[in-house]
Amino acid sequence: MTQLYAELAIPLAVDKLFTYTVPAQLRSTIRPGLRAVVPFGKRSVVGFIVELHTVKPNISQIRPITDVIDAEPPLTDELLSLARWIAEYYFAPLGEVLKAAVIQGATPPSKRMVRLASPPDQHSSGGYARSSKHLDILNALNGVRRMSIQQLQKRIGVKNIYTTLNDMAQRHLIVIDEEPVGRGVLPKYERTIAITDESRSLWRQWLLDARNGKPQYQTQRTAVHKLLAIDAAEIPLAQYLRTSGVSLSTLRSLNRKRLLDFGRRETIRSTEYDLYESSLGTQNIVLNPHQRNAIDKICSGVESGQFQSYLLYGVTGSGKTIVYIEAIRRVLEEGKSAIVLVPEISLTPQIVRRFKLHFGEKVVVLHSRLSRGERYDAWRMIQAGKFSIVIGPRSAVFAPLKNLGLIVVDEEHEGSYKQFDQTPRYHARDTAVMRAHFARAVVVLGSATPSLESYKNSSIGKYELLEMPERVDNARLPTIEIIDMTKERQERLAIFRQQRKTEFKEDPVKARASKRPFVFGMISNRLKEQIALRLGKKEGIILLQNRRGFAPFTECPDCGYVEMCDNCNITLTYHLTKKHLRCHYCGLVRQGPEVCVKCGSSDIRYRGFGTQRVEEELKLLFPEARILRMDLDTTTGRGTHDRLLRTFSDGNADILLGTQMVAKGLDISRVTLVGVISADTQMLLPDFRSAERTFQLLTQVAGRAGRSVLAGEVIIQTFQPSHYGLRHVSGHDFKAFYGEEMAYRRELFYPPFSRIVLVECRGKRENEVAGHAMFLANWLKQRDGGYLVLGPAPAAIARINKQFRWHVVVKDLKSDDPSGNLLHRVLKEALAASARLPSAKSRSVRSIVDVDPV
Ligand code: ADP
Ligand code: ZN
Ligand code: ZN
């Protein structure tokens, strides 16, 4: 027999595959996509079988695979192709892509438990065992309830028994259970009310009989009526008790009468999203022609069974969610499944509820706060086909659904779709397009403020553009007013000077004694007036200040000393609630200063405005207003976003003040005023996307106002009133903004006209880091390609967490190197060469490649 070889991807930061031989006994079961145990140096590691072949490689000593872990591949061919694409495009080792992204839900936290299959008497004879190993295993399991694979290996003194166990499980000799381990694992089961057709048939008669019965029958009758209204065979008990008003004792009495049963089922649903939500306003919707058209187009794509991509550009409040829902309904009719990506799940409880309401049990939500055990449960149940709709943040793009028909990427412009902090640094939107491609599915990118990349793709016909230019239900887009804070400041300063003059005139001694400084708050007269108006009318107000904490920096006016982080080149933010200084990058916390540490002056000044400071100012101006602050500091607990949002939408708070968290996806009809405290925080960042980000953020937050019958008004405060981004926001003119921004990008060779690749070198010693970056930059510059090399230069924040950071930025011109292949090749060479530098070998400098950084 010819020797069979396997190529394995091993989760290490080495960009290559490793070859092993396939022992004869594994030949019949081995397949690409399975995980295998292999010797690696002196260790054993788990790798993924990527390929099998019979070509003898040119390596002296090839070792055999020790064992194969899975009976079924944890990932499909489609996901394997996707992983390969990611590895290639984002310069990431395939093993790491597979382990850290594509099947992260399938790995660690589980412990595999083995037990005998019932009925047990079959085993005593050993008649079913095929080998002595089988027999040893059966004997070891005999008389015990179950055993972990590790225990079993110890007991029988044989390692790597996965293949044997998988084989025995297939012959129904044993059962292998997956059991999550570790902390934070919630119970996998929940209690349910089980309703059979039989109990349904009993109800009618009982309702008639009980009509004139004892008083307690009345409550039981009400309970049965309520159950009748729910068309489900299983109802989660806890949730039902919470929402129905029916008590447990009533249900118990019904159970005693055999009118219902209690059951248990595996669950992963978190309690953050209640099923029985009535006030969603999705009933009796008559779709408008734009929605109809979008749905028809997407559905015809789904029916074609081919890859299709759409950009759904619909203004805020144009009813995009319903379009997704109707498209998914079609997908399910075709017997297919769907993925819905949302930027951050805890920020979008409303959209999740709408899907739950329409598709109930078919939906699973993967949110970022799932414990590893819960994630694993979800992953396995998705793979087993128990759900057909997966909603989640970027990693949900890897959900192991079979027969995928549609991927929706909601708010496709959002930066959070890019994984920036670990390998692989993939963009979930672009990955979604690729996955749809491999799966011959449809992808819909939806946004009120499409990214320049996507809009350009739609204009060159890569995506089909679907437009929804109007708000639903005749609601109008809000009016937007820009307030020039420079002018406001001058005016108020003039008034202050006038006042001081009068004070001096009236009583010079007292005036001199009261060293009253000029204090400039951040709420303009116009905004103040509008807030007062809404408070009077009990309408909702949303205020955005995209900075948390009290003040972004503290400064001594006498010597100019500014408090900086010890680990990062960044100022420390003062937090009022805890009265301390905190670094928003590395988490360092320091006592708030009483006096200047440099000169001893007691006159510490807080500069800039965070949400806490705006909150203080609001409290002074509107002591009667009920204010909710929503930022990272107030939303640490699970479900806290949702609670804050509910309080606000129910009218139990007047003002919702927060960071960009308040800007997204909220559909609250009582909001008629949106105020932006300072539009400048984003606009002045040294990033070529800062204008785009500003336009998007402001348009999105403005879109929260006036979403129903009540007209909305938006007030944006800025020190840069003539900035073009702002001008187009107030005109609701995405296309004009797009035109202007594209001209600027073309001029400076920025995306979408180029592809940017950022190489970051990191290390504790700056000269080594700089040297490494210099080497890379020079290597790239020496090769002539269709690209421009910028740098090396220290990053905008030159040090984070004690690590110095230097950047080399490459702009790969799409006109000269359309596929990016050229740059790809040269960069691989450069990285390989730099890996031989002493600083790389000693691991004192690491270089990280980020393709299409955000
Ligand atoms: P978007 O995401 O485009 O901002 P949503 O999908 O959140 O908008 O929809 C806004 C609101 O309008 C939702 O409450 C939705 O139920 C409602 N809605 C959607 N389509 C219609 C329609 N054709 N007529 C009336 N209301 C609608
Ligand atoms: Zn000082
Ligand atoms: Zn820090």
Contour minus end-to-end for Ser247 and Arg27, with contour as 0.36 nm per residue of separation and end-to-end as the Cα-Cα distance? 73.3 nm
Using a Förster radius of 51 Å, what is the FRET efficiency between Asn403 and Glu747 based on their Cβ-Cβ separation? Nearest 0.05, please. 0.65
Going 7 Å from the Cα of Ser819 along its beta-carbon direction, which residues of segment 759-791 have the amide nitrogen within less than 20 Å of the resulting point? 784-788
Arrange the peptides 507-519, 812-824, 705-717, 668-680 so that the one whose residues have, on average, the most other Cβ atoms within 10 Å appears first. 668-680, 705-717, 812-824, 507-519
Taking the Cβ-Cβ separation of Asp197 and Arg646 as r and a Förster radius of 56 Å, what is the calculated FRET efficiency to the nearest 0.05? 0.95
How high is the FRET efficiency between Ala233 and Arg329 when r is their beta carbon distance and R₀ equals 30 Å, given to the nearest 0.05? 0.90
Neighbour net charge for Ile627 - beta-carbon separation under 9 angstrom, K R +1, D E -1: +1
Gained length - Thr219 relative to Arg516, 0.36 nm times residue gap less alpha-carbon distance: 100.1 nm
Net charge contributed by nearby residues that have their C-beta within less than 10 Å of Asp70 (K/R +1, D/E -1): +1
Name the aspartates and glutamates eligible as straight-distance cross-link partners of Lys418: C-alpha to C-alpha under 15 Å, and not fewer than 8 places from it in the same chain. Glu344, Asp410, Asp430, Glu453, Asp850, Asp852
Assuming 0.36 nm per residue, please report the length gained on full extension of the stretch Asp296 to Arg836 beyond their Cα-Cα distance. 188.8 nm
If pairing requires two Cys Cβ atoms under 4.7 Å apart, which cysteines of the chain are left without a partner? Cys299, Cys586, Cys761
Give me the distance in nm between label points sitting 7 Å out from Cα along the Cα-to-Cβ direction at Ser722 and Asp566, one decimal. 4.7
By the scheme Lys and Arg +1, Asp and Glu -1, what is the net charge of all other residues having a beta-carbon under 13 Å from that of Ser690? -1
For a quick check: with amide H placed at 1.01 Å from N, whose amide H comes under 5 Å from Gly405's, ignoring anything fewer than 5 positions away on the same chain? Ser337, Ala338
Given the -39500 (n - 2.57) contribution per DSSP H run of 4+ residues, what per-residue ellipticity at 222 nm results for the chain, rounded to the nearest 500 deg cm²/dmol? -10500 deg cm²/dmol
For the chain, the charge dipole (Cβ of Lys, Arg +1; Cβ of Asp, Glu -1; about the Cα centre) points to a positive end, and the Cα of Thr449, Asn767, Pro752 closest to that extreme belongs to Asn767
Taking the alpha-carbon distance from Lys356 and a cut-off under 19 Å, which lysines remain once sequence neighbours fewer than 8 residues away in the same chain are dropped? Lys320, Lys336, Lys386
Between Val597 and Gln61, with labels modelled 7 Å along Cα→Cβ, what's the label distance in nm to one decimal, could you check? 5.5
Where the centre of each part is set by its Cα atoms, how far does segment 562-583 sit from segment 1-44, in angstrom? 50
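The numbers here are math on the coordinates, done by the rules we state, and not lab data. Being a predicted model, the structure only gives us computed values, none of them experimental. Please note: Cβ atoms are built from the backbone with ideal geometry, for glycine as well, and neighbour counts cover all protein chains shown.
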